[in-house]
Amino acid sequence: MTQEARKIRLLMHLRRSGITDHRVLGALERVPREAFVPDSFLDQAYEDRALPIGLGQTISQPLVVAYMTQALEVTDLHKVLEIGTGSGYQACVLAKLCRRLYTIERHAILLETSEHRFANLRIHNITSRVADGMKGWPEQAPFDRIIVTAAHTGSAPPPALTDQLGVGGVLVIPMGDERRDQRLVRYRRTEAGLEREDLWPVRFVPLLPNLPEEGESRASRW
Ligand code: SAH
């Protein structure tokens, strides 16, 4: 089966699984996932599963990328912040739908690889940096949309992120323990405060504070 045929099969699967937003499906169709996975996993690029990208991290499952993007309700007027660039795949999907995407990754080597991918794919509306995304990107705030692609433990999202969300803004974040129930949560910032809505159960790698120590990268290359 060709990659193109696999991609069509995946898009049909996404549609059957509740991805109804045509703009989201169109963005997933236009971003070649095979450019974001290691060579040894190329034959699985259009399977609906998360794949390893090194340093113990993963490129998310396509259905989860699609679902989170749909839940974020992005338009081409929006300034969007992503925490956890990883492979850069979710970033490129969002970049197709929004005005400008800011993305933060704590592993420099992952971000470097992603930046090459953005350039190769000629996606020019992404600004990225290596930092602890739990602190947000204060110089660029407020954001219309914020998406976190790693799981946050605790009952409330990191305060820097909700502070940097504009009124009318939406934050989508997986909340909960790595091993126990994780759930995708959508927060809306209104004049009155934050409204919380629990969405799907999910499974993400943890959102970690600060930049990695030397040993952390060496300990888990794959
Ligand atoms: N969106 C990615 C999936 C990312 S996996 C994709 O489409 O491929 C989660 C990523 O979050 C990992 O790369 C991890 O290093 C990063 N991460 C975890 N905690 C972070 C933090 N505090 N700040 C920035 N990035 C973080």
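What follows is calculated from the coordinates using simple rules that are stated; it is not laboratory data. Given the structure is predicted, the values throughout are model-derived calculations rather than measurements. Here the Cβ is made from the backbone with ideal geometry for all residues, glycine too, and neighbour counts use every protein chain on show.
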Can you tell me the dipole magnitude for the chain around its Cα centre, using point charges on the Cβ only (Lys, Arg +1; Asp, Glu -1), in Debye to the nearest 20? 500
Counting Lys and Arg as +1 and Asp and Glu as -1, each charge on the Cβ, what is the dipole of segment 72-165 about the Cα centre in debye, to the nearest 20? 200
Pull out the extension gain between S155 and E115, defined as 0.36 nm times the separation in residues minus the alpha carbon to alpha carbon distance; nm, one decimal. 11.1 nm
As straight-line cross-link partners of K96, the qualifying lysines (C-alpha separation under 24 Å, not fewer than 8 residues apart within one chain) are K7, K79
Quickly work out the A5-to-T75 label distance, labels modelled 7 Å from Cα along the C-beta direction, and quote it in nm with one decimal. 4.1
Label-zone membership for segment 160-187, site D198, 7 angstrom Cα→C-beta point, backbone N under 18 Å: 172-187
Going from the fewest other Cβ atoms within 10 Å to the most, one would list D39, D163, D144 as D39, D163, D144
How would you rank E115, E4, going from fewest to most other Cβ atoms within 10 Å of each one's own Cβ? E4, E115
Work out the charge dipole of segment 9-63 with +1 on the Cβ of Lys and Arg and -1 on the Cβ of Asp and Glu about the Cα centre, then indicate which of M12, Q61, S40 is farthest towards its positive end. M12
Each residue of segment 76-90 in turn: what ³J(HN,Hα) in whole Hz from Karplus with 6.51, -1.76, 1.60 and θ = phi - 60°, glycine and Pro shown as x? 6, 9, 8, 9, 10, 10, 10, 10, x, 4, x, 6, x, 5, 4
Between E214 and S17, what FRET efficiency comes out of the Förster formula 1/(1 + (r/R0)^6) with R0 = 45 Å and r the beta carbon distance, rounded to 0.05? 0.65
